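Enquirer: My questions all concern the structure below.
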């Protein structure tokens with residue numbers, strides 16, 4: 001009997017499809033503009049979503065991450081394009097789209113049979129939530145990516161006015 005896809009994977013794919021849909025109409029130039037009063041860009045939000053899920057699923061389960069060189073320095077928590085060094089290898093929107101498009105297939109393949117496993121070392125988020133299983137990482141990622149999806153939508157609105 002074929003195993004049914006876990007609802008979390010369906011939800012992750014739905015949210016990711018919404019994130020990728022936001023790329024419609026975004027130019028490379030627009031992706032790098034920081035709206036007034038903010039410190040990040042559309043490009044940063046896309047890279048950040050990718051890096052955080054890599055960390056959540058692969059790093060904390062001691063699995064190999066697919067992080068292009070420099071991604072942690074560019075997109076990790078508490079980074080900003082305002083601090084990027086000249087000559088840094090900044091990914092194009094097409095590169096980010098390709099990485100984001102293929103990520104969930106790897107996530108599902110890596111943890112579909114490990115969702116309820118207890119992590120060797122629980123992880124506590126910057127906001128104080130302790131996560132103890134891959135299932136919990138998937139669940140909090142829905143919230144995390146949803147927040148950044150909302151920011152991308154907001155930035156698109158602001159940047160289309162200026």
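Values quoted throughout were computed directly from the atomic coordinates according to the rules given, and no laboratory measurement underlies them. This one's a predicted model, so the numbers in the text were calculated from it and none came from an experiment. Neighbour counts run over all protein chains shown; Cβ positions are idealised from the backbone, glycine included.
Enquirer: Any chance you could count how many residues in region 11-25 are in a loop (DSSP other than H, G, I, E, B) and more than 12 Å from residue 97 (Cα to Cα)? Steps first, answer last, please.
Expert: First, pick out the residues of region 11-25 that are in a loop (DSSP other than H, G, I, E, B): 22-25.
Then keep just the ones that are more than 12 Å from residue 97 (Cα to Cα); that gives 25.
Selection size over region 11-25: 1.
Enquirer: In region 22-36, which residues are over 12 Å from residue 94 (Cα atoms) and either touching a helix residue (DSSP H, G or I) at 6+ places or on another chain (Cβ under 9 Å) or touching a residue at least 60 places away in the same chain (Cβ under 8 Å) (or both)?
Expert: Step one: of region 22-36, the residues over 12 Å from residue 94 (Cα atoms) are 22, 25, 29-30, 32-36.
Within region 22-36, 22, 25, 30, 32, 33, 34, 35, 36 qualify.
Enquirer: Do we find a residue being surrounded by 13 or more Cβ atoms within 10 Å (Cβ to Cβ) and more than 17 Å from the chain's Cα centre (by Cα) anywhere in region 97-109?
Expert: Within region 97-109 (the criterion being surrounded by 13 or more Cβ atoms within 10 Å (Cβ to Cβ) and more than 17 Å from the chain's Cα centre (by Cα)), the answer is no, since none of the residues qualifies.
Enquirer: From the list 119, 115, 67, 61, pick out the single residue that is surrounded by 11 or more Cβ atoms within 10 Å (Cβ to Cβ), in contact with a strand residue (DSSP E or B) (Cβ under 8 Å, 6 or more places away or on another chain) and in a loop (DSSP other than H, G, I, E, B). Please lay out each step first, then the result.
Expert: On the way: 115 fails: in contact with a strand residue (DSSP E or B) (Cβ under 8 Å, 6 or more places away or on another chain); 67 fails: in contact with a strand residue (DSSP E or B) (Cβ under 8 Å, 6 or more places away or on another chain); 61 fails: in contact with a strand residue (DSSP E or B) (Cβ under 8 Å, 6 or more places away or on another chain).
Selected residue: 119, the only one of 119, 115, 67, 61 that is surrounded by 11 or more Cβ atoms within 10 Å (Cβ to Cβ), in contact with a strand residue (DSSP E or B) (Cβ under 8 Å, 6 or more places away or on another chain) and in a loop (DSSP other than H, G, I, E, B).
Enquirer: Then there's this: Just to be sure I understand, how many residues within region 37-53 are without any contact (Cβ under 8 Å) to a residue 60 or more places away in the chain, within 12 Å of residue 151 (Cβ to Cβ) and more than 12 Å from the chain's Cα centre (by Cα)?
Expert: 1
Enquirer: Let me ask something else. List the pairs whose first member sits in region 75-93 and is farther than 20 Å from residue 26 by Cβ, whose second member is crowded, with 17+ Cβ neighbours inside 10 Å, and whose Cβ atoms are under 6 Å apart, counting only residues at least 6 apart or on separate chains?
Expert: If the second residue must be crowded, with 17+ Cβ neighbours inside 10 Å, the pairs left are 76/51.
Enquirer: Looking only at region 9-26, decide whether some residue is over 15 Å from the mean Cα position of the chain (by Cα) and under 15 Å from residue 147 (Cβ atoms). Reasoning before the result, please.
Expert: To start, the set of residues in region 9-26 that are over 15 Å from the mean Cα position of the chain (by Cα) comprises 10, 24-26.
This time we only want the ones that are under 15 Å from residue 147 (Cβ atoms), so: none.
No; the residues of region 9-26 include none that is over 15 Å from the mean Cα position of the chain (by Cα) and under 15 Å from residue 147 (Cβ atoms).
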